[in-house]
Amino acid sequence: MEATAADRRFAEEYRLAREIPRDGLTAWRAAVAAEVALVPGATVVDVGAGTGGFASAFADWFGVRVLAVEPAAAMRALIPRTADIEALDGRAEALPVPDRCADAAWLGSVVHHIDDLPAAARELRRVLKPGAPVLVRNSFPGRCARDLRVRFFPGAERIVDRYPSVEETCAAFATAGFSRVALHAVPQESAPNLAAFADRIRRETDAKLRGIDDEEFERGLGRLRQAAAAEPDRPAVSWMDLLVLA
């Protein structure tokens, strides 16, 4: 289905608000490298690739080929087209890629958007080479206190509490023969300072913030602006989890 003008505006706002600058992802590069040896010529399937921020990062960091699977046409249109990145229309439960083609799978902030996690796990088992890992970057219930959005907008924790937990995610993937290998909290610098982070917030593009009411949002934005004024040079560092399954 062709993207509407509203879809295209949403995708542009999403990219502005949610893509983390490359130099803010240094710890993610190290965390991934510690879990899987990605060499030039390897293939990574990026499930729910969004506007392609991590697809580009993986291609640049490791010289790998990235199959960036994204169901939303407007988001998919913003994924960079390079010799190393192929943007594909698809979803986690029906990946448009061949059997045993991938050396790793990346699920970045997407687990809570997947309707049928066991079906997605079966698809990933199909497309991954034997022993290849699934790398899940996500917020999980009970583990999100160091997310800046939760810190300044406490109501966002209620939203995360509705996401699949680590245990639920592992159980869903266990139905396809995956086991938990590792779980790490990883920092990321979303902006050089809190004021810039506040400027980048687009409530409509953020599932954690869309779920709180107007009063909670305005109070949280006020707390964030106050903290930015008090500590103008403080980087906007959040933490998310990396769950590794193989």
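The values are calculated or read from the model by the stated rules, or taken from the named source; none is laboratory data. Remember, it's a predicted structure, so these values are computed and weren't measured experimentally. Every residue, glycine among them, receives a Cβ derived from its backbone with ideal geometry; neighbour counts consider all protein chains shown. Heavy atoms of the whole protein, side chains included, go into the accessibility calculation; ligands, DNA and RNA do not. Shrake-Rupley method; radii C 1.70, N 1.55, O 1.52, S 1.80 Å.
Given Cα positions, please report Rg to Rh for the stretch 173-246, the hydrodynamic radius being the Kirkwood one. Numbers along the way, then the final one.
On the way: Rg = 16.7 Å, Rh = 14.6 Å.
Ratio of gyration radius to Kirkwood radius: 1.14.
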Taking a cut-off of 11 Å, what percent of all Cα-Cα pairs in the stretch 136-175 are separated by more than that? 63 percent
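Report in % the part of the accessible area of the stretch 10-51 that belongs to carbon and sulfur, leaving out ligands and nucleic acids; probe 1.4 Å. Mind showing how you got there, number by number?
On the way: 1010 of 1870 Å².
About 54 percent, which is the carbon plus sulfur part of the accessible surface.
Going from most exposed to least, what order do 91, 65 have by accessible area with a 1.4 Å probe?
Working: 91 125, 65 105 Å².
The ranking, largest first, comes out as 91, 65.
If you roll a 1.4 Å probe over the heavy atoms of the protein chains, what accessible area per residue do you get for the chain, in Å²? List each step's numbers first, then the result.
Working: 11020 Å² over 246 residues.
I get 45 Å² per residue for this part.
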How are the Cα pair distances of the chain distributed, in percent, across 5 Å bins from 0? 1, 6, 13, 18, 20, 18, 13, 7, 3, 1, 0
Using alpha-carbon pairs under 8 Å, 6+ residues apart, how would you state the relative contact order of the chain in percent? 21 percent
Distance between the C-alpha centers of the stretch 127-154 and the stretch 25-74? Whole Å please. 16 Å
Per DSSP H run of n ≥ 4, the term is -39500 (n - 2.57); total these for the chain, divide by its residue number, and report the mean residue ellipticity at 222 nm rounded to 500 deg cm²/dmol. -11000 deg cm²/dmol
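Carbon and sulfur: what percent of the stretch 188-246's accessible surface (1.4 Å probe)? Can you show the working numbers first?
Numbers: 1360 of 2710 Å².
Exposed carbon and sulfur together represent 50 percent of the surface.
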Express the Stokes-Einstein translational diffusion coefficient of the stretch 65-104 in µm² s⁻¹, to the nearest whole number, given a Kirkwood radius over alpha-carbon pairs, 10 °C and a viscosity of 1.306 mPa s. 148 µm²/s
I need the peptides 67-75, 5-13 ranked by packing, meaning the mean over residues of other C-beta atoms within 10 angstrom, with the highest value on top. 67-75, 5-13
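For the stretch 66-211, what is the per residue volume of the convex hull drawn over the alpha-carbon atoms, in cubic angstrom? Walk me through the numbers on the way to the answer.
Working: hull volume 19.0 nm³, N = 146.
Output value, Cα hull per residue: 130 Å³.
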With no solvent and one equal point scatterer per Cα, compute the Debye intensity ratio I(q)/I(0) for the stretch 1-72 at 0.12, 0.15, 0.27 Å⁻¹ and report its log10, rounded to two decimals. -0.38, -0.57, -1.28
